[in-house]
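S.K.: Just dropping this structure here.
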Amino acid sequence: MGIKASHIASFLNAELHGKDISLIKVSSLDSMYSNSVVYAKQLSEDIVHLLNNRNDLLAIVCREYDGLLRNPHIISLNPRLDFARILKNFFEKDRKVGIESTAIVSKTASIGMGSYIGHYSIIGDGVVIGNCTEIRDHVVIKDNCAIGNQCIIKSNTVIGEEGFGFEFDENGAPIRIPHLGSVRIGDEVEVGALNVIARGTLDDTILSDKVKTDDHVFIAHNVKVGENTVIIAGTEISGSVTIGKNVWIAPQSTIINKVDIGDNSFIGIGSVVIKSVDSDVVVAGFPARKIKDRDVTSDKG
C-alpha cells in the first residue's frame, strides 16, 4: 500500500508541494524508481529537468529548488539528513532480537531488553550490554566490558582483549604488563566490522555516546573518545590518546601515544599525528600540521 508523501512531510514537520503520492521504496538520482523517495542537496539544472519529468516520486531538495519543481517535493534545510531520517523511520528493516543458538554468553553477563547477540559471538563474564543493542556475528566481548543502549557492533570485532603493553627487563626481554582495566562504550555508538578495541591498563578505554567507527579501526588501551566523534577506516589510535567531541578522523590516519585531539578538529586522510592538536582546526600530512581553522557549522551545511 505504501507510505503517503503527506505522512513523510508531517514527520519532517515540512510542507508537501505537489501531489500526495504513495511511496514504497527509496532510490538514488542515478536510478530513480517509481513510487520512491530521492534527495538532492545541491542545485543542478539537470536534476531539475529529471525531476520535472517524474510525477511518480517524492524529492527531498535544498532551498535553491524552491519554485523550480512541478513534481511532488519537500524543501529541506539539510536534504541528506532528512533523507537519512526517512530511511530510518520508514524503510529500515526490523532489527533482530534475542540470542542466536551458536552464541556463547556467560551466565554472569547482563543483556538488555530488545538486544540481539549474533551467530558465534562470545560474551564474557560480567559484560553489561544495554537495551536495543545489536551485537552481530563472530564478535568477541571480553570480561567486564560495558556497552550502552542502542549500539551496533558489527561482525568480527574484538572488544576488551589486552593491549600491546610491555616493559623490558635487564636482559632486554619484553615483559607483558597486565591489563586490569576494561572498555566502556556509551549509548548510540556504532563500531565497524573488524575493529579491535583494547581494554585499559589500569583505567578504562572509553568510547562516549554517539561515537562512530568505520571498519578496520584499531583503538589501543586507555584511549578516550569524546561524543559524536567519527573514526574512518584503517585508522590506528595508539595508547592513552584523548580525543575530544565532534572530531572527524579521516581514513588511514595514525595517532601516536598520549596525544590530545581537541574538540571539533578534523584529521585529514593518511595523517600521522605526533603532537597534540588544538580544537577547531584542520590538520593533515606526515607529520600532521595545521592547514586551517575548522568551521563545524559549515561542514554540516
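The values are calculated or read from the model by the stated rules, or taken from the named source; none is laboratory data. A quick note: this is a predicted structure, and the numbers were derived from the prediction, not measured. In this analysis, Cβ positions are derived from the backbone assuming ideal geometry, glycine residues included, and neighbour counts consider all displayed protein chains. Side chains are part of the model used for accessible areas, which takes the heavy atoms of the whole protein and leaves out ligands, DNA and RNA. Shrake-Rupley method; radii C 1.70, N 1.55, O 1.52, S 1.80 Å.
S.K.: Quick test for you: out of 115, 121, pick the one residue that is free of Cβ contacts under 8 Å to residues at least 24 places away in the same chain, in contact with a His (Cβ under 7 Å, 6 or more places away or on another chain), open to solvent by less than 20 Å² (accessible area, probe 1.4 Å) and not basic (Lys, Arg).
M.R.: From the options 115, 121, the qualifying one is 121.
S.K.: Against the conditions (1) under 26 Å from the mean Cα position of the chain (by Cα); (2) closer than 30 Å to residue 115 by Cβ; (3) free of Cβ contacts under 8 Å to residues at least 40 places away in the same chain, where does residue 101 fall short? Just the number, please.
M.R.: Failed condition: (1).
S.K.: Which members of the stretch 61-80 meet the condition of being of a type in the set (Asp, Glu) and touching a strand residue (DSSP E or B) at 6+ places or on another chain (Cβ under 9 Å)?
M.R.: Scanning the stretch 61-80 gives a single hit, 66.
Matching residues to (1) farther than 21 Å from residue 4 by Cα; (2) polar (S, T, N, Q); (3) assigned to a loop (DSSP other than H, G, I, E, B):
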{"site": "42", "(1), (2), (3)": "yes, yes, yes"}
{"site": "51", "(1), (2), (3)": "no, no, no"}
{"site": "60", "(1), (2), (3)": "no, no, no"}
{"site": "68", "(1), (2), (3)": "yes, no, yes"}
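S.K.: Any chance the stretch 252-272 includes a residue that's surrounded by fewer than 20 Cβ atoms within 10 Å (Cβ to Cβ), without any contact (Cβ under 8 Å) to a residue 40 or more places away in the chain, under 27 Å from residue 159 (Cβ atoms) and in contact with a His (Cβ under 7 Å, 6 or more places away or on another chain)?
M.R.: For the stretch 252-272, residues surrounded by fewer than 20 Cβ atoms within 10 Å (Cβ to Cβ), without any contact (Cβ under 8 Å) to a residue 40 or more places away in the chain, under 27 Å from residue 159 (Cβ atoms) and in contact with a His (Cβ under 7 Å, 6 or more places away or on another chain): absent.
S.K.: Pick from the stretch 29-82 the residues that are among the basic types (Lys, Arg) and more than 16 Å from residue 9 (Cα to Cα): which of them is least open to solvent (accessible area, probe 1.4 Å)?
M.R.: This residue is 54.
S.K.: When you scan the stretch 146-182, how many residues do you find that are over 18 Å from residue 203 (Cβ atoms), part of a loop (DSSP other than H, G, I, E, B), free of Cβ contacts under 8 Å to residues at least 60 places away in the same chain and not hydroxyl-bearing (Ser, Thr, Tyr)?
M.R.: 9
S.K.: Output the residues belonging to the stretch 273-292 that are part of a strand (DSSP E or B) and either touching a residue at least 24 places away in the same chain (Cβ under 8 Å) or not basic (Lys, Arg) (or both).
M.R.: Answer for the stretch 273-292, where residues must be part of a strand (DSSP E or B) and either touching a residue at least 24 places away in the same chain (Cβ under 8 Å) or not basic (Lys, Arg) (or both): 273, 277, 281, 282, 283, 284, 285, 288, 291.
S.K.: Taking the stretch 181-203, which residues are under 17 Å from residue 138 (Cβ atoms), open to solvent by 10 Å² or more (accessible area, probe 1.4 Å) and of a type in the set (Val, Ile, Thr)?
M.R.: Correct list: 196 only.
S.K.: Shifting gears a bit: Considering 33, 65, which residue is farther than 21 Å from residue 185 by Cα, out of contact with any Cys (no Cβ under 8 Å at 6 or more places or on another chain) and modelled with pLDDT under 95?
M.R.: 33
S.K.: Which of (1) closer than 24 Å to residue 84 by Cβ; (2) surrounded by fewer than 20 Cβ atoms within 10 Å (Cβ to Cβ) is the odd one out, the single condition residue 239 does not satisfy?
M.R.: That leaves (1) as the condition not met.
S.K.: For the stretch 92-101, state whether one or more residues are surrounded by fewer than 18 Cβ atoms within 10 Å (Cβ to Cβ), farther than 30 Å from residue 129 by Cα and in contact with a strand residue (DSSP E or B) (Cβ under 9 Å, 6 or more places away or on another chain).
M.R.: Scanning the stretch 92-101, I find no residue that is surrounded by fewer than 18 Cβ atoms within 10 Å (Cβ to Cβ), farther than 30 Å from residue 129 by Cα and in contact with a strand residue (DSSP E or B) (Cβ under 9 Å, 6 or more places away or on another chain), so the answer is no.
S.K.: Still on this structure, I have one more. Among the numbered criteria (1) charged (D, E, K, R); (2) over 26 Å from the mean Cα position of the chain (by Cα); (3) closer than 26 Å to residue 238 by Cα, which one does residue 107 miss?
M.R.: (3)
S.K.: Consider only pairs whose beta carbons are under 7 Å apart and that are at least six residues apart or on different chains; among these, list those whose first residue lies in the stretch 12-31 and is over 14 Å from residue 56 (Cβ atoms) and polar (S, T, N, Q) and whose second residue is open to solvent by less than 50 Å² (accessible area, probe 1.4 Å) and modelled with pLDDT of 95 or more.
M.R.: As it stands, the answer is 28/38, since those pairs meet every condition given.
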